[in-house]
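Asks: My questions all concern the structure below.
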Amino acid sequence: MEIRFKKDQLYRQLREAIREGTYPPGTKLPKEVEFAAQLGVAPVTLRSALKLLEEERLITRLRSRGTFVNEHPAPPAVPENLPARNRVLLLFPAVDEKEGLEYNIFNRNLALGISGQCSLAKLEMAVEYASPGGLEQLSRRYERGEFAAVVWDRLAAPPEAAAIRALAAAGIPQVTVNRTCEGVPSVTCDYPAAIRQAVRSLQAIGHRNIALIDAGSHEPVFLERAEVFQQELRKGGVDQPERYFISFDGVEWKDFYSHVEKNMRRLPEATAVIVMAFYMRHFTEYLRNSGTIVPGELSVIQWGERYGFERSSPTPYSILTESRMEIGRAAIGLIRRMLDGEPCANERIKIGGELILRNGCTQPPQLDTLTSGVLR
């Protein structure tokens, strides 16, 4: 896949330079401003590329000491019996096609993880968006030698499930991401552990009435998230935890803002909110219109990343995110094993989330007031 963004191009350039020994292990890279000038890019572009290299564990950035190149393993040997066709299809939901990878940070990070691992395994990646007509053609395309394997991202609707089962019956290597299908290996974010981490972090600083804004649906992954969230609130002494779960299941786009506003006004006692990134634009609009101060009146944890709401964005919100790059690398690891003839059916890999705390989370107002009074 061709990645056209400057930070991604620079990331690839530096990654190859590290792999080829231009920057040997242990090398201290120049300071960001100097390094950016040497490379002919803006410092912010270099900073973004270095973040990607750090996520891939190729470098380590130590505060006040500098940035160092890590010891890195040699590229894995490519099995001799790999098929001549070496393309891996990465299939995203059709609804994501409008945004593409430029604006959908969530998808782009997965694509970067997969493409980086593919390059090490002498494979190539092609990004496509699942459509009913395209799904019906997958078996024939495989027979024509157009691809060697498939990675399915969050695809579990009946047409997609039928296509996955058909490919599995034909013995075609495939991996599902963040969804599971009998007989097919999967890599998923450990959502229950991530939710527990977020809720317990808020409870540890005094929050009790915590809301969760999530997509919600009858899919197992969403039901599990809601159940774990409510269990954690119940353990924290909340009698009706289901009141604090705000589901967008069945809500149309035009009603997103009103749905946020209605439910937040329904929960005036909530002192903290965990918000799925997909709804952050509508949620921040509500914060502006209502005059709600973060974190003075409400602590906010953003769940996931979206365009304008990334780790590098100048927002105060804490971020609970999954390592999509790591998930992508693990998916290609499974693909390589299957291409090498190793049985991986029903293998389940779970990868933990990461909670990045910022000043968008603090003690609830009443506790903060009590603490200040004691200090005075």
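Asks: For the stretch 207-221, check the following and say yes or no: at least one residue is farther than 24 Å from residue 311 by Cα, modelled with pLDDT of 90 or more and of a type in the set (A, V, I, L, M, F, W, C).
Replies: Within the stretch 207-221, none of the residues are farther than 24 Å from residue 311 by Cα, modelled with pLDDT of 90 or more and of a type in the set (A, V, I, L, M, F, W, C).
Asks: Could I ask something else about it? May I ask you to list pairs of residues, at least six apart or on different chains, whose Cβ atoms are under 9 Å apart, with the first in the stretch 236-263 being over 14 Å from residue 281 (Cβ atoms) and the second being part of a loop (DSSP other than H, G, I, E, B) and open to solvent by 40 Å² or more (accessible area, probe 1.4 Å)?
Replies: Between residues of the stretch 236-263 that are over 14 Å from residue 281 (Cβ atoms) and residues that are part of a loop (DSSP other than H, G, I, E, B) and open to solvent by 40 Å² or more (accessible area, probe 1.4 Å), the close pairs are 236/208; 237/208; 238/208; 249/218.
Asks: Additional query: Quick test for you: out of 325, 280, 338, pick the one residue that is farther than 23 Å from residue 116 by Cβ and open to solvent by less than 60 Å² (accessible area, probe 1.4 Å).
Replies: Step by step, each of 325, 280, 338 is checked, and only 280 is farther than 23 Å from residue 116 by Cβ and open to solvent by less than 60 Å² (accessible area, probe 1.4 Å).
Asks: Another question about this same structure. Looking for something at pLDDT below 85, surrounded by 17 or more Cβ atoms within 10 Å (Cβ to Cβ) and of a type outside the set (S, T, N, Q) - is there at least one such residue anywhere in the stretch 87-102?
Replies: Yes, that holds for at least one residue.
Asks: Same structure, new question: Scanning for something of a type in the set (D, E, K, R) and out of contact with any Ser or Thr (no Cβ under 6 Å at 6 or more places or on another chain), does the stretch 290-309 turn up at least one residue?
Replies: Yes: the stretch 290-309 contains one or more residues that are of a type in the set (D, E, K, R) and out of contact with any Ser or Thr (no Cβ under 6 Å at 6 or more places or on another chain).
Asks: Being within 29 Å of residue 209 (Cα to Cα), surrounded by 15 or more Cβ atoms within 10 Å (Cβ to Cβ), modelled with pLDDT under 90 and within 18 Å of the chain's Cα centre (by Cα): is that true of residue 360 here?
Replies: No; evaluated as a whole, the condition is false for this residue.
Asks: Also, I was wondering about something else. Cβ contacts < 7 Å: first residue in contact (Cβ under 8 Å) with a residue 60 or more places away in the chain and farther than 14 Å from residue 11 by Cα, restricted to the stretch 29-53; second residue crowded, with 16+ Cβ neighbours inside 10 Å and among the aromatic types (Phe, Trp, Tyr), any location; separation 6+ or different chain. Result?
Replies: none
Asks: Determine whether the stretch 150-159 contains at least one residue that is buried (at least 21 other Cβ atoms within 10 Å of the Cβ), touching an Asp or Glu at 6+ places or on another chain (Cβ under 8 Å) and in a loop (DSSP other than H, G, I, E, B).
Replies: no
Asks: Shifting gears a bit: Out of (1) within 26 Å of the chain's Cα centre (by Cα); (2) closer than 22 Å to residue 116 by Cα; (3) of a type outside the set (Gly, Ala, Ser), what's the single condition that is false for residue 287?
Replies: (2)
Asks: I'd like to check something: does the stretch 127-134 contain any residue that is acidic (Asp, Glu) and modelled with pLDDT under 90?
Replies: Within the stretch 127-134, none of the residues are acidic (Asp, Glu) and modelled with pLDDT under 90.
Asks: Quickly run through the stretch 166-204 and pick out the residues that are within 23 Å of residue 336 (Cα to Cα), aliphatic (A, V, I, L, M) and open to solvent by less than 20 Å² (accessible area, probe 1.4 Å).
Replies: 167, 172, 175, 177, 184, 187
Asks: Just to check your reading of the model, which residue among 349, 319, 332 is under 26 Å from residue 169 (Cβ atoms) and either among the aromatic types (Phe, Trp, Tyr) or part of a strand (DSSP E or B) (or both)?
Replies: 349
Asks: Quick one: is residue 59 open to solvent by less than 50 Å² (accessible area, probe 1.4 Å), at pLDDT below 85 and either within 25 Å of residue 324 (Cα to Cα) or touching a Pro at 6+ places or on another chain (Cβ under 9 Å) (or both)?
Replies: Judged against the criteria, residue 59 is not a match.
Asks: Still on this structure: Within the stretch 205-226, is there a residue that is open to solvent by 10 Å² or more (accessible area, probe 1.4 Å), over 30 Å from residue 257 (Cα atoms) and out of contact with any strand residue (DSSP E or B) (no Cβ under 7 Å at 6 or more places or on another chain)?
Replies: No, because not a single residue in the stretch 205-226 is open to solvent by 10 Å² or more (accessible area, probe 1.4 Å), over 30 Å from residue 257 (Cα atoms) and out of contact with any strand residue (DSSP E or B) (no Cβ under 7 Å at 6 or more places or on another chain).
Asks: Could you tell me which residue of the stretch 23-48 is most open to solvent (accessible area, probe 1.4 Å), considering only residues that are more than 12 Å from residue 69 (Cα to Cα) and not in a helix (DSSP H, G or I)?
Replies: Across the stretch 23-48, the extreme among qualifying residues is 31.
Asks: State whether the residues of the stretch 1-22 include one that is modelled with pLDDT of 85 or more, polar (S, T, N, Q), open to solvent by 40 Å² or more (accessible area, probe 1.4 Å) and not in a helix (DSSP H, G or I).
Replies: The answer is yes; a qualifying residue exists.
Asks: Quick one: which of 278, 283, 229 is assigned to a helix (DSSP H, G or I) and at pLDDT below 95?
Replies: 278
Asks: Now a separate question. Give me a count of the residues in the stretch 137-159 that are of a type outside the set (A, V, I, L, M) and touching a residue at least 40 places away in the same chain (Cβ under 8 Å).
Replies: 6
Asks: In addition: Could you grab me the full set of residues in the stretch 94-145 that are out of contact with any strand residue (DSSP E or B) (no Cβ under 7 Å at 6 or more places or on another chain), more than 24 Å from residue 336 (Cβ to Cβ) and not in a helix (DSSP H, G or I)?
Replies: 98, 99, 104, 131, 137
The values are calculated or read from the model by the stated rules, or taken from the named source; none is laboratory data. Predicted model, so just to flag it, every value in this text is computed and none were measured. So basically every Cβ, Gly included, is an ideal-geometry build from the backbone, and we count neighbours across all protein chains shown. Remember, those area values only see protein heavy atoms, side chains included, never the ligands or the DNA or RNA. Shrake-Rupley method; radii C 1.70, N 1.55, O 1.52, S 1.80 Å.
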